[in-house]
Amino acid sequence: MDMKRKQLLDRVLGRLLTLCLRPTAQILGLILRRDHALELRDRVAVIKMMGGGSLIIAYPALLALRKRYPHVRFIFIGTPAVRPFAEILALFDEFHDIIDDRGLWKLTWSSATALIRCARVDTIIDLEIYSRLTTVFSALTLARNRIGFYLDVAFWREGIASHLFYFNRSTSMPLYYEQIARSLDAPILSMAEARAHFLATNKFSRGERPQGERHRLGLGVFCSEIAYERQLTAEQWATLLRRKFAIERLELNLFGSKSEVNQMQSIEQQLRLHMPGVTINNFCGQLSLHNSTAILTQLDEFWSIDTGLLHIARLIGVPVTSFWGPTSPDRLILRTSDVREVVCYHKIHCSPCVHNAEQPPCRGNNICMQQHTKVVPAEKLNRPWIIS
């Protein structure tokens, strides 16, 4: 199913099911009077259906829970697209409960299977902010505690979830996840502590790079289907790169999944056309996320739009330059001295639009991303947080 069909299914079927479940959950709550003390006692399930980058953003909070409750088994529930991000965090004990969202029948069958395997977990943590169906799934597990978020304009989880935390869309996302960890008496780790644990667990090493003949630069050009408007064209990437680098000394490293191979081949051809003499290593479709991350640790720098690899690069300590538009850096990343980065964002009238509008006001003509090649001079590409 494409994104629009998933959203329609969640909106229609999710609304119907939550209306049916709410009175049942409230009546059972009054009858059973279960102990909803905020602590993790046994098996804990974490739901993340879309956006692997969000799972990386949640890493310090999830790591805090793992350290605070070492005896608890953590279960990941999500789609095949997000599972590699869950695996690389090395925090989960079980990954078999994977939701297949490629069709209605597969979604129904895989959800039912996951539900049976997760029945009566002690606690379920729903990291999906906007989904009604994950709220329904959480309730049907019969978990003692069902933890989630509520929005200022959306209250469908009330009466179904046992604990709700306010999701303030004007605040940074890492802080939302930290609410959960702190409520469960789990001290939050700093970015430096989280980085050290992540590198050690995955047996990665990240030190000062020796100065070579070429500047090893990674590019994150693709993103999830949540908003393809985040992407830049090959010509726009070439324009930005030429402003800072001597092309003959530049080595570009391109990353992507197997489904993006054809797109990446086209981008590689256009980059070579716009930047004659550039060296390009195209790893698209050839590497697992783990192996891609291993290469990231060896780069001098990483340039990216808002995508999962950007959040991994920030976590492992690679200097990054990021370009924003449909999404806002103030919502998704925290300013910290533990990350060397340049953040480029031009807040025009319709930005950010992701999760604020059913469809982008520009209808795909991402004028917010086009601003980067128009108004970012070369000298500003060395400054942190270019926001205008």
Fill in: Residue satisfying condition, being modelled with pLDDT of 90 or more and among the aliphatic types (A, V, I, L, M), within set 107, 89
89
Worksheet item: In the stretch 142-154, how many residues are modelled with pLDDT under 90, open to solvent by less than 50 Å² (accessible area, probe 1.4 Å) and assigned to a loop (DSSP other than H, G, I, E, B)?
Response: 0
Worksheet item: Among the residues of the stretch 105-117, which ones are of a type in the set (S, T, N, Q) and either surrounded by 14 or more Cβ atoms within 10 Å (Cβ to Cβ) or part of a strand (DSSP E or B) (or both)?
Response: 110, 111, 113
Item to complete: Being of a type in the set (A, V, I, L, M) and touching a residue at least 60 places away in the same chain (Cβ under 8 Å) is the filter here, so list the residues in the stretch 236-284 that pass it.
Response: 240, 241
Item to complete: Could you please find all residues in the stretch 255-310 being closer than 27 Å to residue 173 by Cβ, in contact with an Asp or Glu (Cβ under 8 Å, 6 or more places away or on another chain) and aliphatic (A, V, I, L, M)?
Response: 289
Worksheet item: Looking at 342, 354, which is the one that is more than 19 Å from residue 51 (Cβ to Cβ) and open to solvent by less than 30 Å² (accessible area, probe 1.4 Å)?
Response: 342
Worksheet item: Got a number for residues in the stretch 127-158 being closer than 23 Å to residue 30 by Cα and of a type in the set (Asp, Glu)?
Response: 1
Worksheet, complete the sentence: Of (1) over 24 Å from residue 140 (Cα atoms); (2) open to solvent by less than 60 Å² (accessible area, probe 1.4 Å), residue 87 fails just (2)
Discussion item. Among the residues that make up the stretch 32-40, is at least one of them assigned to a helix (DSSP H, G or I) and open to solvent by less than 70 Å² (accessible area, probe 1.4 Å)?
Written reply: no
Worksheet item: In the stretch 58-68, is there at least one residue being of a type outside the set (Asp, Glu), open to solvent by 30 Å² or more (accessible area, probe 1.4 Å), closer than 20 Å to residue 179 by Cα and more than 20 Å from the chain's Cα centre (by Cα)?
Response: yes
Worksheet item: Does the stretch 178-193 contain at least one residue that is open to solvent by 40 Å² or more (accessible area, probe 1.4 Å), in contact with a strand residue (DSSP E or B) (Cβ under 7 Å, 6 or more places away or on another chain), free of Cβ contacts under 8 Å to residues at least 40 places away in the same chain and in a strand (DSSP E or B)?
Response: no
Response to the item:
So the helices (runs of 4 or more DSSP H) completely within the stretch 226-329 holding 3 or more residues that are open to solvent by 20 Å² or more (accessible area, probe 1.4 Å) are 234-244, 261-274, 289-296
Practice prompt. Would you point out which residue out of 120, 102 is part of a loop (DSSP other than H, G, I, E, B), closer than 17 Å to residue 49 by Cα and open to solvent by 30 Å² or more (accessible area, probe 1.4 Å)?
Written response: 102
Item to complete: Please enumerate the residues belonging to the stretch 54-73 that are among the hydroxyl-bearing types (Ser, Thr, Tyr) and either at positive phi or in a loop (DSSP other than H, G, I, E, B) (or both).
Response: 69
Response to the item:
When the stretch 74-84 is checked residue by residue, the ones that are outside any loop (DSSP other than H, G, I, E, B) and open to solvent by 20 Å² or more (accessible area, probe 1.4 Å) are 83, 84
Practice prompt. Kindly indicate which of 157, 169 is within 29 Å of residue 187 (Cβ to Cβ), open to solvent by 40 Å² or more (accessible area, probe 1.4 Å) and basic (Lys, Arg).
Written response: 169
Worksheet entry | Among the residues listed as 230, 314, the single one being among the basic types (Lys, Arg) and either under 19 Å from residue 204 (Cα atoms) or modelled with pLDDT of 95 or more (or both) | 314
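The values are calculated or read from the model by the stated rules, or taken from the named source; none is laboratory data. It should be emphasised that the depicted structure is a prediction, and the values quoted were computed from it without experimental measurement. Note: ideal-geometry Cβ built from the backbone for every residue, glycine included; neighbour counts use all protein chains shown. The area values use the complete protein model at the heavy-atom level, side chains included, leaving out ligands, DNA and RNA. Shrake-Rupley method; radii C 1.70, N 1.55, O 1.52, S 1.80 Å.
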